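Quick notes on the structure that follows.
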Amino acid sequence: MNPALLRNSLRMRLLAGTLVWIVIAILVAGWGLGQLFHRHVEARFDTELKNHLDQLTAQLILDEQNQAAIRLPPSDPRLNRPLSGLYWQIERMAAEGEHPASAVLRSRSLWDETLAVPADTPADGEIHRHRIAGPKGAALRVVERTVTIDTHSLRLIVAANESLMTEPVAEFKGHLWLALGVLGAGLTLAALMQVFVGLAPLRSMQDALGRVRNGDARQMEGAFPNEILPLVNDFNSVLAQNAEVVERARVQAGNLAHALKTPLSVLANAASASGKRDDELARLVVSQMDVVRKQVDYHLSRAQAAASVQVPGMRTAVAPVIEGLVRVMRRVHAERQLEFVVLPGEGDPAFRGEEQDLQEMLGNLIDNAAKWARSRIEIEVGAAAGGLLVSIDDDGQGIAESERDRALGRGVRIDQQAPGSGLGLAITADLARMYGGDLGLARSGLGGLRASLTLPAAPEMFDGKIRRRHEPANDRGPDTGGGNASPRHGAR
Amino acid sequence: MRILVVEDEPALAAQLAEGIQSAGYVVDVAHNGIDGHFLGESEPYDAAVLDIGLPQMDGITVLRKWRAAGRTLPVLILTARDTWREKVAGIDAGADDYLTKPFHMEELLARLRALIRRAGGHASSELVWGPLTLDTRSSRASVEGTALTLTGHEYRVLAYLMHHPGEIVSRAELTEHIYAQDFDRDSNTVEVFIARLRKKLPPGMIETVRGLGYRLNQAP
């Protein structure tokens with residue numbers, strides 16, 4: 001196995017460990033059981049041979065000529081079938097110095113063969129064992145004893161093919177290994193299941209984390225076992241803390257804006273009033289005040305967005321944001337009788353990010369469209385490659401192609417006619433890019449400008465697991481959000 | 001035309017009052033949300049400039065309470081936080097327009113004029129009634145192209161009548177709309193302004209409806 005794979009995969013580690021033990025246990029069990037059976041069969045085989053020898057001994061007599069004879073041949077039919085593998089043989093022991101001994105009686109199964117048993121003289125009552133080559137070279141297992149009747153010493157021999165013993169052992173071992181193989185496969189399967197079931201919470205943790213990273217969830221959700229629950233809880237509290245830090249940064253950025261802008265207003269108005277009396281310094285203050293305001297707006301919006309882009313698990317429904325902005329435009333431009341057409345798109349399109357950022361981007365674009373439109377503004381929400389596409393069309397005079405790039409740049413004001421900071425499009429383009437989206441300008445079918453805003457989409461809601469992020473804007477009084485962080489009450 | 005300014009920053013409040021007064025309106029100033037709310041609910045203003053960030057009661061709450069009490073005066077909100085969330089919240093609470101700080105006084109006056117005009121159902125900054133023309137942008141009145149020379153009080157009386165042409169306007173109503181709240185009012189002075197206006201206008205244009213008030217007629 002690849003050592004890196006083993007090192008990197010918890011599952012592989014567990015599996016490899018278990019498999020090694022399964023293999024060792026099965027090998028030991030197979031070898032041990034085989035040995036046990038072998039010994040058992042061998043013992044039985046020897047007992048059987050001895051029984052045949054006893055039977056032969058019991059039937060041995062000397063006839064009238066003092067020749068050895070068998071009163072009743074042993075009953076095993078194998079002893080009568082030629083070369084059956086089971087044999088007996090009786091030899092007359094030669095007298096002292098007389099050699100070789102000669103066979104006097106043989107079982108019919110020996111046919112015309114003679115068992116060539118090495119010379120041996122077991123003491124009376126002893127049984128000796130040998131292994132010899134028998135007919136056709138088969139290995140034979142031999143038992144013998146010496147019987148003395150009167151003065152005649154006779155050597156009684158019973159032999160059997162070893163294959164009669166080894167065959168059942170081999171057959172048993174075959175079955176044994178097969179059974180052990182099945183057992184091993186079963187154990188391996190069980191180990192696999194155990195590893196997969198045991199490690200399933202890790203996978204669900206991974207999924208939960210993936211959902212957080214994709215922005216589908218703000219926290220890791222699901223039931224986790226006690227062993228990894230602390231990890232999940234810790235991670236969730238890190239996420240919550242992160243969101244809190246971002247929210248605090250946002251509130252403080254807002255407070256900073258507020259704290260700066262009222263004095264700026266006072267200064268600008270004072271300078272403006274004085275500027276009418278032809279004061280060079282006052283005019284300078286008025287013009288620089290615009291620069292300051294633009295810089296504050298631009299960098300504040302950037303700081304807020306930079307903070308919130310980092311926070312996972314954001315989801316903002318697009319339709320309510322557009323509705324709110326269109327309400328503003330209808331009221332503010334009430335007397336121009338502008339027609340707003342909103343096509344909110346299939347399902348419930350949602351943006352993967354902060355509501356406030358979406359509000360800024362769409363607000364700037366819709367505001368821009370409303371400023372320039374003659375009578376009609378169309379807002380359409382659709383799908384783009386892997387994201388949302390919001391296009392905003394107006395029937396105003398549009399922006400010439402050569403001017404569009406400049407319009408997306410910082411602080412460029414195409415035309416001084418319409419009121420506004422001239423930063424709206426640039427801020428929107430910047431915010432969109434921070435979220436990995438884009439802002440494109442083109443000629444609209446209505447005759448004016450078409451602004452196409454591409455943004456990352458949040459996935460469809462399922463089972464209501466994901467909270468709808470949109471909260472009615474009224475719930476948060478703009479100046480109540482800061483709580484103690486707000487410098488207003490303390491400073492004044 | 002009487003305008004309520006609710007702004008807690010004293011310098012800015014003073015500038016607003018001065019700027020709006022110089023455009024020919026009467027201005028009352030409140031420096032916190034509670035005073036602002038009380039004035040707006042108890043006095044008949046023609047428009048209000050309302051800062052959102054106010055001590056004691058924030059501007060959005062003030063605005064919601066006015067609307068809940070049935071006050072329909074046009075309201076221009078001032079926001080410091082230039083966020084669309086705040087603008088949406090303001091409009092949903094019942095504001096008619098918003099302006100982001102810092103702003104140019106000219107722009108505030110333009111928006112205010114537009115709101116008052118819109119509230120009176122007038123489409124243009126020039127109000128025309130018979131031979132009479134009132135330019136709310138320059139605070140000037142003319143009869144068939146000839147400019148009239150009017151004092152501030154005379155202009156306010158005429159402007160109020162021009163915003164409600166053909167309607168009977170009571171003396172008390174006129175008094176309320178041409179004087180600031182803390183001004184020592186004397187409804188007899190209205191008669192003095194009416195008498196002076198009658199001398200400057202074509203005869204018969206301002207009719208006295210006995211026991212009810214005055215009416216601006218189209219033709220003599």
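Each reported figure results from applying straightforward, stated rules to the coordinates on display, with no laboratory input. Quick caveat, the model's predicted, so the values are computed rather than measured. Cβ: placed from backbone, ideal geometry, glycine included. Neighbour counts: every protein chain shown.
Put simply, the amide H of A:L154, placed in the peptide plane, has neighbours under 5 Å in A:M93, A:V147, A:T148, A:I149, leaving out anything fewer than 5 places away on its chain.
For the peptide A:325-338, the mean number of other protein chain Cβ atoms found within 10 angstrom of a residue's Cβ is 4. Phi angles of segment A:437-454 translate, via the Karplus equation with coefficients 6.51, -1.76, 1.60 and θ = phi - 60°, into HN-Hα couplings of x, 7, 10, x, 10, 8, 7, 8, x, 7, x, x, 9, 10, 9, 10, 9, 9 Hz per residue; Gly and Pro are given as x. What you get for chain B, charging only the Cβ of Lys and Arg (+1) and of Asp and Glu (-1), is a dipole of about 700 debye around the Cα centre.
Take the alpha carbon atoms of chain B, find their radius of gyration, then divide it by 2.2 N^0.38 Å using N residues; give the quotient. Write down the numbers at each step before the final one.
Values: Rg = 17.7 Å, N = 220, 2.2 N^0.38 = 17.1 Å.
That works out to 1.03 for chain B.
Here's how it looks for A:L408: its modeled amide H is under 5 Å from none belonging to a residue 5 or more places away or on a different chain. In this structure, the residue pairs whose Cα-Cα separation is over 22 Å, taken from A:K50/A:K136; A:K371/B:K101; A:K371/B:K87; B:K65/B:K101, are A:K50/A:K136; B:K65/B:K101.
Gain on full extension, evaluated as 0.36 nm per residue between B:A180 and B:E207 minus their Cα-Cα distance, stands at 7.2 nm. Here each label is just a point 7 Å from Cα along the line to Cβ, and for B:R118 and A:S287 those points are 3.3 nm apart. Each Lys or Arg adds one and each Asp or Glu takes one away; over the other residues whose Cβ falls under 10 Å from the Cβ of A:A334, this sums to +1. The stretch between A:L189 and A:D438, if pulled fully straight at 0.36 nm per residue, gains 84.5 nm over its current Cα-Cα span.
Placing pseudo-labels 7 Å out from each Cα toward the beta carbon at B:A11 and B:K199 gives an inter-label distance of 4.5 nm.
Below 12 angstrom from the Cβ of A:D367, what's the summed charge of the other residues (Lys, Arg +1; Asp, Glu -1)? Spell out each step's value before the answer.
Details: positive: A:K371, B:K87; negative: A:E360, A:D394, B:D82.
That sum, taken over residues with Cβ under 12 Å, equals -1.
About the centre of its Cα atoms, segment A:14-166 shows a dipole size close to 660 debye [charges on the beta carbon of Lys, Arg (+1) and Asp, Glu (-1) only; nearest 20 debye]. Only helices reaching 20 angstrom along their own axis (Cα) with mean Kyte-Doolittle hydropathy no lower than -0.5 count here, and for the DSSP H runs of chain B these are B:105-119, B:187-200. At q = 0.11, 0.22, 0.24 Å⁻¹, what log₁₀ I(q)/I(0) does segment B:2-119 have when each alpha carbon counts as one equal point scatterer in the Debye sum? So the normalised log intensities work out to -0.28, -1.34, -1.67. Cβ-Cβ distance of B:S42 and A:L202, R₀ of 56 Å, FRET efficiency by 1/(1 + (r/R0)^6): the value works out to about 0.25. The modelled label-to-label distance between A:H175 and B:H164, using points 7 Å beyond Cα along the C-beta direction, is 11.6 nm. Against the empirical 2.2 N^0.38 Å (N residues), the protein assembly as shown has a Cα radius of gyration ratio of 2.03.
All other residues whose Cβ lies under 14 angstrom from that of A:A170 are scored, Lys and Arg at +1 and Asp and Glu at -1, for a net of -3.
Can you pull the mean other chain C-beta count within 10 Å for peptide B:4-10?
Mean partner-chain Cβ count within 10 Å for B:4-10: 2.
If you average the alpha carbon positions of segment B:136-207 and of segment A:228-304, how far apart do those two centres end up, in angstrom? Comparing the Cα centres of segment B:136-207 and segment A:228-304, I get a distance of 45 Å.
Other protein chain C-beta atoms within 10 Å of residue C-beta, averaged over B:71-83: 4. The packing ranking of peptides A:39-47, A:286-294, B:112-120, highest mean first, is B:112-120, A:286-294, A:39-47, where packing means the average number of other beta carbon atoms within 10 angstrom of each residue.
What's the ranking of A:250-257, A:19-26, B:189-196 by average number of surrounding C-beta atoms within 10 Å, highest first? Please report the intermediate quantities before stating the final value.
Working: A:250-257: 19.5, A:19-26: 13.6, B:189-196: 15.5.
Packing order, densest peptide first, comes out as A:250-257, B:189-196, A:19-26.
Of the residues B:G152, B:V5, B:A93, the one whose Cα sits farthest towards the positive end of the charge dipole of chain B is B:G152 (charges of +1 on Lys and Arg Cβ, -1 on Asp and Glu Cβ, taken about the Cα centre). Kirkwood's formula applied to the C-alpha pairs of segment A:315-388 gives a hydrodynamic radius of 12.8 angstrom.
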